[in-house]
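The values are calculated or read from the model by the stated rules, or taken from the named source; none is laboratory data. Just so you know, these numbers come straight off a predicted model, no measurement behind them. Neighbour counts are summed over all protein chains in view; Cβ atoms, including those assigned to glycine, are modelled from backbone coordinates with ideal geometry. The protein model used for the area step is the full one, side chains on, heavy atoms only, and it has no ligands, DNA or RNA in it. Shrake-Rupley method; radii C 1.70, N 1.55, O 1.52, S 1.80 Å.
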Amino acid sequence: MTGHPKAAVCVLGTGLIGGSVLRAAAAAGYEAWGYNRSEAGASAARADGFEVSGDVEAVLRRAAEQDALIVVGVPMPAIDTVLSDVKSFAPDCALTDVVSVKAPVRDAVHRHELGARFVGGHPMAGTSESGWAATTPELFEKAAWAVSVDPGTHAETWRRVAQLALDCGAVVVPVRSEEHDQAVARISHLPHLLAEALAIQGNNGGPLALGLAAGSFRDGTRVAATAPALVRAICEPNAAALLAVLDDTLRVLEGARESLRANGEIAQLVEAGHDGRVEYEDNQRWVITDVRPGDQDWLERLADAGRRGGVVESLG
């Protein structure tokens, strides 16, 4: 651990999120390089001037030599393979990830005996596109970047991961892994399922329905344009939390159906939904200024602040 805020960064997986981290880190002044399993993706990154290789051993040995912060940017199904490589070639490096679930990644990290210097992360940013061609260093500007504050987290590693998120343009939301997964089931994973269902219904209406479709259908189905394999990789690892919120949603819709059948109206649904949207638009982040990594009870204090909408904008 060098302690330098611009210490090296090694990104494993240079798709949309990982590749954008690589771009943003380099733009912020980090020495940054990466690995990508697909040679086409690695070649595209090299063509843009970035050091990306398909040789994971060489990439990780360089990370070990330079005490780089390793950022795991592969989908959940590939996590175990990548962590096995990290264990073999760079087991002492600080480690984070940008995967859409936190508890399953944390558990995998501990299975591979890499937990001592691991801090989970998840930037809440993305598009329906994927691959290196979709990457941009501006992807994380003003975005929320969840950084785990699970019990046992090492303060210096947390600081290093949080600083990278800040340098990429994001604000840091401290969060416990299980609480993160429950939250993203509601605001990220459920929208994927609803978008898919809406797209199916539009298509079932045939050319007339699709020809009449306008803004509400376009916006409501935007994430249904995401590659199906990627949607599965995002949602299925969070199955328990997603199932719970899907059950809640079905109860809401069933209530609206019964009201429509009995009374011809959907007032309760649309009024509650309108209120929920207003709450989202009015929601204000507030800046956490009274907790520093390593302070007494800092993990619990940051977790509590995160629950109440607090974010970290600077590490001082």
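Enclosing the Cα atoms of segment 55-128 in their convex hull gives a volume equal to 94 cubic angstrom per residue.
Once the Cα-Cα distance is subtracted from the 0.36 nm per residue extended length, the A47 to D304 segment shows a gain of 88.1 nm. Binning the C-alpha pair distances of segment 169-316 at 10 Å intervals from 0 yields a P(r) profile of 10, 26, 33, 20, 9, 3, 0 %, listed from the shortest bin outward. In segment 159-227, the C-alpha radius of gyration followed by the widest Cα-Cα span (Dmax) gives 17.6, 55 angstrom. When the alpha carbon gyration tensor of segment 37-173 is reduced to an equivalent ellipsoid, its three semi-axes come out at 22, 20, 14 angstrom, largest first.
Note on segment 2-51: percent of Cα-Cα distances in each 10 Å bin, starting at 0 and stopping at the bin with the largest distance, equals 28, 55, 15, 2. Extension gain for E265-E113 works out to 49.1 nm (0.36 nm per residue, less the C-alpha to C-alpha distance). For segment 189-316, the fraction of 1.4 Å probe accessible surface lying on carbon and sulfur atoms is 56 percent.
Helical content alone sets the calculated 222 nm signal of the chain at -15500 deg cm²/dmol, taking -39,500 (n - 2.57) per DSSP H segment of four or more residues and averaging over every residue. Within the chain, antiparallel bridges make up roughly 15 percent of the DSSP beta bridges whose residues both belong there.
Loop-located GluC sites (Glu not before Pro) across segment 257-288 with a Cβ neighbour count of 12 or fewer within 10 Å are E265, with loop assigned by DSSP.
Counting every alpha-carbon pair across segment 126-241, the share separated by more than 22 Å comes to 50%. Taken along its three principal axes, the alpha carbon spread of segment 224-285 comes to 41, 34, 24 Å, from the longest extent down to the shortest. Placing unit charges on the Cβ atoms of the charged side chains and taking the dipole of segment 177-316 about its Cα centre, the candidate lying farthest along the positive direction among C235, A214, Q182 is A214.
Peptides 10-21, 113-124, 176-187, 78-89 ranked from most to least packed, by the mean per-residue count of other Cβ atoms within 10 Å: 10-21, 113-124, 176-187, 78-89. Listed values (1) 0.93; (2) 0.96; (3) 1.00 include one computed from this model; for Rg/Rh (Cα atoms, Kirkwood Rh) that value carries the label (3). Taking the Cβ-Cβ separation of L250 and T136 as r and a Förster radius of 45 Å, what is the calculated FRET efficiency to the nearest 0.05? That gives a FRET efficiency of 0.80.
Cross-link partners for K142 among the lysines, with Cα-Cα distance under 30 Å and sequence neighbours closer than 8 places in the same chain left out: K6, K102.
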